[in-house]
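Structure record follows, encoded as structure tokens.
The values are calculated or read from the model by the stated rules, or taken from the named source; none is laboratory data. This is a predicted model, so every value here is computed, not measured. Positions of Cβ are backbone-derived with ideal geometry, glycine not excepted, and every protein chain shown enters the neighbour counts.
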Amino acid sequence: MNDIKVFDTGKKLSKELFLQYYQLIEMSFPKCEHWSFAKHLEEFEDIRFHSLCYCPDGIKGFINYWELDGFVYIEHFAVTPELRGQGIGAGLMSELRHIVGEQCLVLEAEPPSDSAIAARRIAFYQRLGFALNDFDYLQPAMSDGESEVPLVIMSSPKTLSEAEYNVVRDVLYREIYKKTVK
């Protein structure tokens with residue numbers, strides 16, 4: 001797939017591209033599931049953070065991911081509404097798998113029982129090779145005044161054991177959300 005670029009500490013998004021990127025985040029995720037403008041900008045300063053972007057003429061899709069100890073965490077994954085269903089998301093995921101190799105991939109998603117959209121999203125991730133893990137998970141609040149969000153953890157290429165899940169949860173809480181495990 002052409003027009004895919006990785007942005008991180010070594011290659012920053014221009015101001016114009018960052019504004020497009022953040023608009024897509026705001027359009028694709030409820031406020032309780034994304035960071036503030038400043039916090040997203042700050043992420044690009046961490047050497048573990050990368051944004052794999054589809055940008056034929058501006059940001060049209062992206063996967064934000066963190067290379068953590070033992071796994072790769074997909075923080076956000078979005079494609080502009082007008083391009084959804086055209087294979088852009090699958091192409092981005094294929095490119096990510098090429099970049100990270102055999103590492104375990106994990107992501108958070110709304111439970112399939114939350115809505116028809118959430119169920120379709122889970123099915124999309126399953127078509128991409130992700131498995132739904134059957135453990136209770138609360139995403140910590142991403143900003144002041146927000147509450148924890150009940151989500152599910154999906155993983156690829158397989159489901160996680162309870163011990164593996166506990167490690168993933170603990171690393172996410174500590175490294176991404178800067179919280180201690182309850």
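Assessment of the range 174-182 against the conditions (closer than 16 Å to F71 by Cβ and touching a helix residue (DSSP H, G or I) at 6+ places or on another chain (Cβ under 6 Å)) yields no matching residue. Counting only strands (runs of 3 or more DSSP E) that sit wholly inside the range 12-123, not one has at least 2 residues that are among the acidic types (D, E). Return the pair list, or none, for Cβ contacts closer than 9 Å from residues in the range 92-109 that are within 18 Å of A78 (Cβ to Cβ) to residues that are of a type in the set (K, R), at least 6 apart or on different chains. As it stands, the answer is L105/R97; A109/R121, since those pairs meet every condition given.
Among all residues of the range 108-115, there is none that is out of contact with any strand residue (DSSP E or B) (no Cβ under 9 Å at 6 or more places or on another chain) and closer than 29 Å to N2 by Cβ.
The number of residues in the range 112-123 being surrounded by 15 or more Cβ atoms within 10 Å (Cβ to Cβ) and over 14 Å from the mean Cα position of the chain (by Cα) comes to 3. If you go through the range 140-163 and pick out every residue that is buried (at least 18 other Cβ atoms within 10 Å of the Cβ) and at pLDDT 95 or above, you end up with 7. What about Y54, is it under 23 Å from L24 (Cβ atoms) and of a type in the set (F, W, Y)? So Y54 fits the description; yes.
Can we say L96 is over 22 Å from P30 (Cα atoms) and surrounded by 18 or more Cβ atoms within 10 Å (Cβ to Cβ)? Answer is yes for this residue.
If we keep just the residues of the range 1-37 that are closer than 20 Å to L107 by Cα and charged (D, E, K, R), which is nearest to the chain's Cα centre (by Cα)? Only one residue tops the list, namely E33. Pairs meeting the criteria (first residue in the range 1-23 and at positive phi and in contact (Cβ under 8 Å) with a residue 24 or more places away in the chain, second residue in a loop (DSSP other than H, G, I, E, B) and not aliphatic (A, V, I, L, M), beta carbons under 6 Å, at least 6 apart or on different chains) are D3/C55; D3/P56. Scanning the range 127-171 for residues that are in contact (Cβ under 8 Å) with a residue 12 or more places away in the chain, farther than 21 Å from C32 by Cβ, among the hydroxyl-bearing types (S, T, Y) and part of a loop (DSSP other than H, G, I, E, B) yields a total of 1.
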